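Okay, structure first, notes after.
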Amino acid sequence: MSTASDSHSVVTRNLTKRFGKFVAVDNVSLEVRRGEIFGFLGPNGAGKSTTIRILCGLLTPTEGTATVAGHDVARDPERVKLSIGYMSQKFSLYDDLTVEENIDFFSGIYGVPEERREARKTYALELSALAERRATLTGLLPGGYKQRLALGCAILHEPPVLFLDEPTSGVDPIARRDFWDLIYQLSERGITIFVTTHYMDEAEYCHRLALMYRGAMIALGTPAELKRDLGGFALLQLEVDDLAGTINALEREVGIEDVAVFGSGLHIRVKGDLDARPAIRRRLREAGIEVRLLEPIEASMEDVFVGLIEAEERKR
Ligand SMILES: Nc1ncnc2c1ncn2[C@@H]1O[C@H](COP(=O)(O)OP(=O)(O)OP(=O)(O)O)[C@@H](O)[C@H]1O
Ligand SMILES: [Mg+2]
């Protein structure tokens, strides 16, 4: 009989974590395929890191189950730890060790067999583009290089599943792009990547995404699916001088679902089957607000998440 865990690297069923009465992870069920880049998004405190810590065998679930690389995280956390790489939100290389010393140190921690160590070190140095700077103190490296070295160190033991908790936070956009090239390389080699991020451009790079909100998973799909599911709504971009006045004027307009500030303008979510533009123009004219631009646009990932989270808040 084939089960989900044969073809899936991560499987959770009704996974729940409570701290006292507080529910940090609420009944999360998901499956991540081998080689998939799975993005975990959500506002601060949504339960992303807590879920990852459970999946890494570092915290036990209060309810529900999870398997990683076929091992149950509650029953067999030690086997789980051998099967995963983990870069925590505050990942720590030793700043006062050289690049090479960090690699040697983590090779020891992860129990890389003696005969594999030289090959794995070479690999980590190439991955981080630090072969020429192997004797440099890690603390002196630019952020982007440190992140790549931390990634190299997290996979010295060739784990099939990799957990990256905000691996690129605080890194400049070019270094982030380079880091994602590495993530793609690993995925192509069949490594499963479970990654959290706050950056919307990075969300677009994931094969599939889950959106977490107050511990619960409120959406799951490919970036294209999530955009399509803007759910019968269309999006208009509106440029005006008076943002607050405009929001006020449009609040009760029929057919307008939501008005949100985006950059210097507004994004208006309208029922997809009617062209709301004439009504919007009329209402703003009545309010004495000049319309500089009003046109349909493609939803961005940020529109999707703002929409989903607002819908969730309205339910409460
Ligand atoms: N050991 C703990 N004891 C009590 N509460 C905790 C504990 N660990 C986490 N929490 C709470 O659980 C909630 C979820 O935290 P978590 O770190 O998983 O969020 P997150 O989605 O990773 O947020 P961020 O984007 O800020 O990293 C938070 O409200 C946090 O304060
Ligand atoms: Mg976190």
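The values are calculated or read from the model by the stated rules, or taken from the named source; none is laboratory data. All of these numbers come straight from a predicted model, not from anything done at the bench. Cβ sites come from the backbone with ideal geometry, for glycine too, and all protein chains shown count toward neighbours. Protein only, heavy atoms only, side chains kept; ligands, DNA and RNA dropped before computing areas. Shrake-Rupley method; radii C 1.70, N 1.55, O 1.52, S 1.80 Å.
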Q: Filter the stretch 297-316 for residues that are open to solvent by 80 Å² or more (accessible area, probe 1.4 Å) and over 14 Å from ALA260 (Cβ atoms) and give the result.
A: GLU298, LYS315, ARG316
Q: Could you grab me the full set of residues in the stretch 145-186 that are among the hydroxyl-bearing types (Ser, Thr, Tyr) and out of contact with any helix residue (DSSP H, G or I) (no Cβ under 9 Å at 6 or more places or on another chain)?
A: SER169
Q) Since TYR199 meets every condition but one in (1) in contact (Cβ under 8 Å) with a residue 40 or more places away in the chain; (2) within 16 Å of ligand 1 (Cβ to nearest atom); (3) surrounded by fewer than 22 Cβ atoms within 10 Å (Cβ to Cβ), which condition does it not meet? A) (1)
Q | Selection within the stretch 288-316 - in a strand (DSSP E or B) and touching a Leu at 6+ places or on another chain (Cβ under 8 Å) | A | VAL291, LEU293, LEU294, GLU295, PRO296, ILE297
Q: Read through the list (1) open to solvent by 10 Å² or more (accessible area, probe 1.4 Å); (2) more than 16 Å from ligand 2 (Cβ to nearest atom); (3) under 13 Å from PHE194 (Cα atoms), then give the number of the only condition that ASN27 fails.
A: (3)
Q) Hey, ALA311 hits all of (1) touching a strand residue (DSSP E or B) at 6+ places or on another chain (Cβ under 6 Å); (2) within 27 Å of GLY42 (Cα to Cα) but one; which does it fall short on? A) (1)
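Looking at GLY221, GLY245, which is the one that is over 12 Å from the mean Cα position of the chain (by Cα) and over 16 Å from VAL32 (Cα atoms)? Steps first, please.
On the way: GLY221 fails: over 16 Å from VAL32 (Cα atoms).
Checking each option against the conditions leaves just GLY245.
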Q | Breaking point among (1) in a loop (DSSP other than H, G, I, E, B); (2) within 15 Å of ligand 1 (Cβ to nearest atom); (3) open to solvent by 40 Å² or more (accessible area, probe 1.4 Å), for ARG53 | A | (1)
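What do you reckon, is MET217 open to solvent by less than 10 Å² (accessible area, probe 1.4 Å), within 30 Å of GLU63 (Cα to Cα), modelled with pLDDT of 85 or more and among the hydrophobic types (A, V, I, L, M, F, W, C)?
no
Would you kindly identify the strands (runs of 3 or more DSSP E) lying entirely within the stretch 186-287 that contain at least 3 residues that are away from ligand 2 (no atom under 16 Å from the Cβ) and not assigned by TED's automatic domain parsing to the domain that holds LEU55? Quick ask: steps written out before the conclusion?
Numbers: elements: 192-196, 208-213, 216-221, 233-240, 256-262, 265-271.
Those strands (runs of 3 or more DSSP E) span 233-240, 256-262, 265-271.
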